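J.: The structure that follows is given in the form of C-alpha cells.
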Amino acid sequence: MPQRKSSPQRAPVVSLAPPAYVRIGALTQQLLSGARWRGLDQFPAWQIWADDVEQVLRFLQAEGRLAEFLTMIQGVRTPQHRNACLAEARVAFHLVQNGFRIVQWEPPGEGITKGEVMVSFPDSPDIFVEVKHPGWQGEHMPRRTADLQRLSAQARQQRLARIRQDKYLDGDGGPVAPHVVAMDVVRRNALPKLTDRRPNLVIVVDDLQVTPVGLPGLADLVEREFSRPDHDPDDPNDVFTYERLGGVLFLQPEPENNKTIHYRADFVQNPGALPDCALPPPVKALLSDMREKSRMRIEQKYAGRPSVFDVLRSKQLTRPHLVFEVFGETAPLLQGGCSAAGRLGVGFVDSFAERHWPVAGRQFLSRTGIWICDLTGPVDVSGVDRRTFYLRFNQIEPDRRWTGPTVRTLELRTSLNSFTHDPHYGPWLLLVVDGFLDTDEIDRIQEVYEIERAPRAGA
C-alpha cells in the first residue's frame with residue numbers, strides 16, 4: 001500500500017504579549033481584546049506608552065468616540081496600521097489639549113473623501129484636519145515608479161524581506177531624507193482630500209528612520225515643495241498642488257523623564273495658500289509657538305546646570321585617555337560581561353544592555369564612595385538611533401565627605417550607531433557615569449546623546 005507523504009511541518013507561530021512588568025489599563029485591555037494584530041508585537045511594550053495609550057482612550061471615551069475607534073483599530077491587520085490609527089487619535093488629543101475643540105469626526109472632504117477631524121479655535125473658522133503617518137517601510141522602496149519597475153526580482157524580494165524585519169538592525173544604515181518621504185505622503189494622499197471652501201491643516205506623525213521634526217532647514221525644504229511639487233512623472237495620479245493647504249504641523253511624541261509623553265512639534269505654513277484655505281492668524285500663531293517652544297525645550301531644560309562634559313573637563317580627562325587612565329578593567333567588561341561578584345543585586349536584566357553595555361550589577365568607585373548599578377527598567381529602543389538606559393545607583397560604601405543622597409537615578413541617552421561602530425563608546429559612557437557620581441550638582445543626565453552630536457565651536 002503506498003505510503004502517504006507527510007507534509008513538512010510549519011514552524012510554530014509565536015504570539016507576543018506585553019512584558020509582565022507593564023501594567024495595562026482597563027480601556028487598553030478592551031482595545032487588545034479581539035484585535036487582529038494582537039500577538040504580532042509586544043504592544044504596549046513600555047509602561048510610559050501603555051499609560052499614554054490609556055490616556056488617549058480616556059479622551060476618546062469622553063468625546064463619545066471610543067466605540068467607533070475600537071471598531072476601526074481592532075479591525076486593521078498589522079501593527080503599522082494600528083500605529084496609524086493611534087496617530088490619528090493622538091492628534092485629536094493633542095489639539096484639544098492646546099485649545100481646539102472637536103466639531104466633527106471624519107468630516108467630508110473633496111468628493112467622497114473624509115478627513116480625521118474638523119476643529120474650531122477661538123476667533124477662527126472651522127479647520128479641516130487630515131493626519132498622515134508615513135512609515136519607515138516606505139523608505140526601503142524606490143520613490144519613483146520608473147525606479148520601482150527597474151528593480152530586479154531579486155532586489156525587490158530583498159527589499160520586501162527587509163521590510164518584514166525590525167525597524168532598526170545593528171549595522172543597518174543608509175541615506176535618509178525624512179522631509180521628502182513625509183511630503184511625498186502629504187502630496188499623494190492628503191492633498192486630494194482638501195477642498196477650496198475652508199482652511200486646511202495636514203498633521204504628520206511619522207514613524208520614519210529619522211523624524212523630520214527639528215530637521216535643520218525644514219521650513220525651507222517644505223516651502224520649496226509647496227512652490228515646486230516634486231511630482232513623479234510616471235505616476236498619472238501624482239498631479240496635485242498645494243494651493244489648498246494652509247500648512248503642515250509635524251508632531252513626534254516621545255518619552256520624557258520616563259514619566260510623560262512630550263509632543264515635539266515643527267510647523268511650516270504655506271505662503272501660497274488660497275485665501276479661503278489659509279490658516280487663520282490665531283491658529284498660525286499657536287502652531288508657530290508650539291514649534292518655538294519645542295526648539296527651546298532642551299536648551300531650557302539644562303539652563304544653569306553644569307554639563308556632564310564640564311564635569312569631565314574638570315577632571316582633565318579626554319576621551320582617548322579613558323580606557324587606560326580611568327577604567328583599566330573595561331576591556332574584560334565589554335568582552336565577557338560583568339563578573340559574578342559584580343552582578344550581585346541586579347534589579348533588572350535587559351537583552352540590549354547585556355549585549356552592548358552590561359553595567360547592571362557593576363560596582364563604581366568614585367570620589368563619593370562605592371556605588372552598585374542596577375537597571376530600573378528595559379532600555380528604551382523607541383528612538384531612531386537613541387537608546388535610553390534607566391539606571392539606579394545604590395551607595396554601598398560612602399566616602400566620609402559625601403553628604404548627598406545614597407540612592408541616585410540616571411537617565412542616560414546613548415547611541416546605537418556608536419555602540420555598533422565605536423569600540424571606545426562603552427568605556428567612554430563609563431567615564432560619563434563616573435562624572436555623574438563624582439558630583440551632586442547634576443541630578444539627571446539626559447544630554448549625552450544630544451551633546452555628543454552637537455556642532456563644536458569653531459568646527
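Any read-out appearing in this document is the output of simple, stated calculations on the displayed coordinates, not a laboratory observation. This one's a predicted model, so the numbers in the text were calculated from it and none came from an experiment. Neighbour counts run over all protein chains shown; Cβ positions are idealised from the backbone, glycine included.
J.: In Å, what Rg and Dmax follow from the Cα atoms of the range 13-77?
T.: Radius of gyration, then largest Cα-Cα span, for the range 13-77: 11.8, 38 Å.
J.: Going by average Cβ neighbours within 10 Å, how do the peptides 145-157, 40-52 rank, with the highest at the top?
T.: Answer by packing, highest mean first, reads 40-52, 145-157.
J.: If you don't mind, another one. Largest first and in whole Å, give the semi-axes of the range 102-301's equivalent ellipsoid, each being the square root of 5 times a Cα gyration tensor eigenvalue.
T.: Equivalent ellipsoid of the range 102-301: 29, 23, 15 Å, largest first.
J.: Continuing with the same structure: If you add up the charges near R101, with Lys and Arg at +1 and Asp and Glu at -1, over every other residue whose beta carbon is less than 12 angstrom from its beta carbon, what do you get?
T.: Spelling it out: positives minus negatives among the neighbours equals -2.
J.: Another one. List the pairs from K132/K293; K114/K284; K132/K284; K193/K293; K259/K284 whose alpha-carbon separation is above 28 Å, in the order I gave them.
T.: K193/K293; K259/K284
J.: Can you put M141, M183 in order, fewest other beta carbons within 10 Å first?
T.: M141, M183
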